[in-house]
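See structure below.
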Amino acid sequence: MGSQTKKVLLAPLKHPARPFRVSSHDRSSRRGLMAGSLGELLSKTLDALMITSRLVTLVLEEDGTVVDTEEFFQTLGDNTHFMALEKGQKWTPGGNCVPARQPPRRSGIARVTLDLYKLNPRDVVGCLNVKATMYEMYSVSYDIRCTGLKALLRSLLRVLSHAAQVTGQFLVYAGTYMLQVLADTEEQVVAGSRCRQGVTSG
């Protein structure tokens, strides 16, 4: 009675069968298998892939991690993809494997870049480069150059001088017109008063 109880208590727990996927080293042959332990999966892999060699290593298909202990095998989830490697064969990444450091994909219609620089350290204002990129294919750039403070002041003075000339001419024409209007008004007033004086005397 005691020996029977000991055998029952010390009997290893049997894990339920779970679905897994296995493939050959070149991924030319793929099979789906049900197994509850690593040994059972190895045995069924040899039969499913028709591997005659008994020295087979199971690795994870995604990154080549070797699976050689039952404890690690039990931590893996259902439908884990394994690769069976015979002696001399090595794991290689698949064609649909996405590199870990893939540059981020940029999307957008246009991107505008402003670059402020100086041709001479003595320049106060500097120059401005405007660059526009459309659909990440076509780019247009334009330089706005201000070579120095003197050139900027000269341009500003020219504009102010021209504006002053136009304003002066406008004031002269407006003053002349106002004088003519006032003169015409005075002549009309004088003529009206003369007419009134003539009528009164008559």
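The values are calculated or read from the model by the stated rules, or taken from the named source; none is laboratory data. All values reported here derive from a predicted model rather than from experimental measurement. Here the Cβ positions follow ideal geometry from the backbone for every residue, glycine too, while neighbour counts run over all protein chains shown. When the accessible area is computed, the model is the full protein with side chains, heavy atoms only, and any ligands, DNA or RNA have been set aside. Shrake-Rupley method; radii C 1.70, N 1.55, O 1.52, S 1.80 Å.
Worth pointing out:
- For region 37-71, taking the residues that are out of contact with any strand residue (DSSP E or B) (no Cβ under 7 Å at 6 or more places or on another chain), exposed (fewer than 15 other Cβ atoms within 10 Å of the Cβ) and of a type in the set (S, T, N, Q), the one that is modelled with the highest pLDDT is identified as THR69.
- Test for GLU86: is it at pLDDT 90 or above and open to solvent by less than 70 Å² (accessible area, probe 1.4 Å): no
- Checklist (1) modelled with pLDDT of 70 or more; (2) under 30 Å from LEU58 (Cα atoms) applied to VAL98, failing item: (1)
- Which numbered condition LEU153 fails, given (1) modelled with pLDDT of 75 or more; (2) over 30 Å from PHE82 (Cβ atoms); (3) surrounded by 10 or more Cβ atoms within 10 Å (Cβ to Cβ): (1)
- Residue selected from region 4-29 under the condition at pLDDT 85 or above and either touching a helix residue (DSSP H, G or I) at 6+ places or on another chain (Cβ under 6 Å) or not in a loop (DSSP other than H, G, I, E, B) (or both), by the criterion surrounded by the fewest Cβ atoms within 10 Å (Cβ to Cβ): PRO19
- Neighbours by Cβ (under 9 Å, 6+ apart or cross-chain): first from region 40-68, touching a residue at least 12 places away in the same chain (Cβ under 8 Å); second assigned to a helix (DSSP H, G or I) and open to solvent by 50 Å² or more (accessible area, probe 1.4 Å): VAL56/LEU42; LEU58/LEU42
- Only a single item in (1) at pLDDT 85 or above; (2) among the small types (Gly, Ala, Ser); (3) open to solvent by 70 Å² or more (accessible area, probe 1.4 Å) is not met by SER201, and it is number (1).
- Long-range neighbours under 6 Å by Cβ, at least six apart or interchain, first residue within 21 Å of ALA48 (Cβ to Cβ) within region 81-93, second at pLDDT below 90 and open to solvent by 80 Å² or more (accessible area, probe 1.4 Å): LYS87/LEU55
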